[in-house]
Structures are given as C-alpha cells and as structure tokens.
Amino acid sequence: EAARPMHLCNDISHASTIGFRGTISAAAEVDSYSFAATAGQSCRISVRAEAALDPFLSVTDGAAVTDDNSGPGSDADLTITWGSSGAKTIAVSGVGVTTGAYLLLVTASAAITPALLTGGDIGASTPHFAGTRGGMFRT
C-alpha cells in the first residue's frame with residue numbers, strides 16, 4: 001500500500017514543547033525560570049492553572065511582557081519572538097492571594113532540551129516533552 005501524503009503542519013509536529021508542574025504556595029511567591037533563548041526563535045509560553053490559582057505570567061526579553069487572564073482557574077499565555085540570544089526570565093505567580101498548582105509549558109520553533117529551562121519548581125518535577133525530537137529527552 002502506498003504511503004499517504006504528509007503535511008507538515010497537520011501531520012508532523014514542527015515545534016517542541018517542554019512542561020513542568022509547579023506550585024505557588026504563598027501569596028507573594030514568584031517561581032522564576034531561566035530560558036536559554038536564541039534570537040529569532042518563536043516561543044509560546046503558557047501557564048495552565050488549577051481552579052484555585054489565578055496565574056500571572058511575565059517574560060523578560062529586554063522589556064517585560066505580561067499576561068493575566070483574570071479569574072481563578074484562568075490560563076496565562078504569551079507568544080514571543082526573542083529579540084536577542086541569551087538567558088530570559090519567565091516568572092509565574094498568583095494574582096492577589098491565590099495559590100495552587102500549575103503546569104508551565106514552553107513551546108518553541110526548535111528542539112527544547114532540559115538544560116534550556118532551569119529554576120522554579122523544576123527540581124521537584126519531572127519534565128514532559130512533546131513534538132519534534134521530544135522522545136530523545138525522556139527520563
């Protein structure tokens with residue numbers, strides 16, 4: 001039987017995603033992550049929160065970019081194309097006094113390795129990978 005035609009965007013993943021679980025356990029707590037970015041690389045950074053946490057997400061690439069989709073259980077999402085290479089700061093916190101668990105997802109236009117994302121609650125969480133070459137880094 002002949003192979004069916006494949007389409008890049010529909011059938012083959014063209015990005016890599018890494019995800020970590022974290023927890024905001026105090027009102028003023030901020031989980032800061034460092035991401036080793038490459039200039040021109042496009043990234044989508046998302047925080048998926050449990051019902052009690054109203055997440056606030058900020059990313060620093062020269063200037064700060066923030067997202068707060070207000071309301072407990074709402075998710076925060078940012079899409080950014082890095083202006084320069086180097087370490088960028090991704091910060092996750094709760095709005096007001098909200099606390100709870102969250103999943104931080106970073107999807108990039110290139111393969112992501114565990115070394116590219118450090119800090120925050122990473123030491124207490126097992127990374128999850130998806131997308132291009134995602135299986136190479138499973139532990």
query = Between residues in region 81-105 that are free of Cβ contacts under 8 Å to residues at least 60 places away in the same chain and farther than 11 Å from Ala49 by Cβ and residues that are polar (S, T, N, Q) and outside any strand (DSSP E or B), which pairs lie under 6 Å by C-beta distance while being six or more apart or on different chains?
reply = Trp82/Gln41; Ser85/Thr38
inquiry  = Could you go through region 13-25 and let me know if any residue there is out of contact with any helix residue (DSSP H, G or I) (no Cβ under 6 Å at 6 or more places or on another chain), at pLDDT 85 or above, closer than 15 Å to Thr89 by Cβ and open to solvent by 60 Å² or more (accessible area, probe 1.4 Å).
reply    = no
query = Could you count how many residues in region 29-52 are closer than 12 Å to Tyr102 by Cβ and either open to solvent by 50 Å² or more (accessible area, probe 1.4 Å) or at pLDDT below 85 (or both)?
reply = 4
ask   = Among the listed residues Ser74, Ser109, Ser125, Ser85, which satisfies the condition of being at pLDDT 65 or above and closer than 16 Å to Thr17 by Cβ?
value = Ser109
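The values are calculated or read from the model by the stated rules, or taken from the named source; none is laboratory data. Here the structure is a predicted model, which means the values were calculated and not measured. Every residue, glycine among them, receives a Cβ derived from its backbone with ideal geometry; neighbour counts consider all protein chains shown. Note: areas computed on protein heavy atoms with side chains; ligands, DNA, RNA excluded. Shrake-Rupley method; radii C 1.70, N 1.55, O 1.52, S 1.80 Å.
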